[in-house]
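Just so it is clear, none of the values below were taken in a lab; they were calculated from the coordinates. Keep in mind that this is a model prediction, so the values were computed, not measured. Glycine also receives a Cβ, built like all others from the backbone with ideal geometry; neighbour counts cover every protein chain displayed.
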Amino acid sequence: MGSIERAGIVPKKGELMRDKTKLFHSLLNSVTETVNGPRDKNEKLNVICKLLKDKVPYYDWVGFYLVCESKRELMLGPFAGEPTEHVRIPFGDGICGQAAERKKPFIVQDVSKEINYLACSVKVKSEIVIPIFKNEGIIGELDIDSHTLSPFTEEDRRFLENVCKMVSELF
Ligand code: SME
């Protein structure tokens with residue numbers, strides 16, 4: 001157990017960077033336990049959103065979008081954070097829709113520089129979107145908004161890809 005969990009407090013940025021690897025390792029274990037646990041799919045997705053939002057200080061909105069292939073759009077699923085007006089997002093629209101079309105993770109370190117962006121709140125400074133794959137097709141996305149500029153590293157991307165691999169087992 002890392003010092004972040006022992007203390008049970010939100011770490012300062014320097015401490016977070018030192019402990020990020022440990023934090024992500026511990027969170028991936030919790031995600032695995034949740035996926036393999038007794039709840040139903042939506043409850044599990046809700047628990048995972050809340051876990052990521054509560055434990056990573058710069059994850060301020062965490063939610064899942066699910067693919068509706070026939071309409072080529074994303075539908076908002078379980079999330080943690082402020083309600084959003086973006087309940088349905090056509091493929092190609094915004095950061096989420098672009099990630100769905102490209103079928104690749106999309107990191108925007110400064111949303112003010114992204115023209116194709118659907119704003120949820122003026123507080124949001126950056127965003128990361130990770131596709132969820134099943135049988136080589138995209139079935140959904142994990143979307144995270146941050147109130148911090150440029151907070152996401154390769155470590156976040158790798159961690160969140162692993163979270164999405166675990167989550168794909170629920171579908
Ligand atoms: N900003 C997203 C819309 C979804 S919200 O972040 C919850 C986008 O540009 O696709």
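Overview of results
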| quantity | calculated |
| --- | --- |
| Approximate shape of the chain as ellipsoid semi-axes (Cα gyration tensor, √5λ), whole Å, largest first | 24, 20, 13 |
| Over the chain, relative contact order from alpha-carbon pairs under 8 Å, at least 6 apart, % | 20 |
| Amide H partners (placed H, <5 Å) of Tyr59, local residues excluded | none |
| Members of Lys53/Lys165; Lys50/Lys113; Lys71/Lys165; Lys44/Lys71; Lys71/Lys134; Lys55/Lys104 lying beyond 22 Å, as alpha-carbon distances in this model show | Lys50/Lys113; Lys71/Lys165; Lys44/Lys71; Lys55/Lys104 |
| Dipole magnitude (debye, nearest 20) for the chain, charges at Cβ of Lys, Arg, Asp, Glu | 300 |
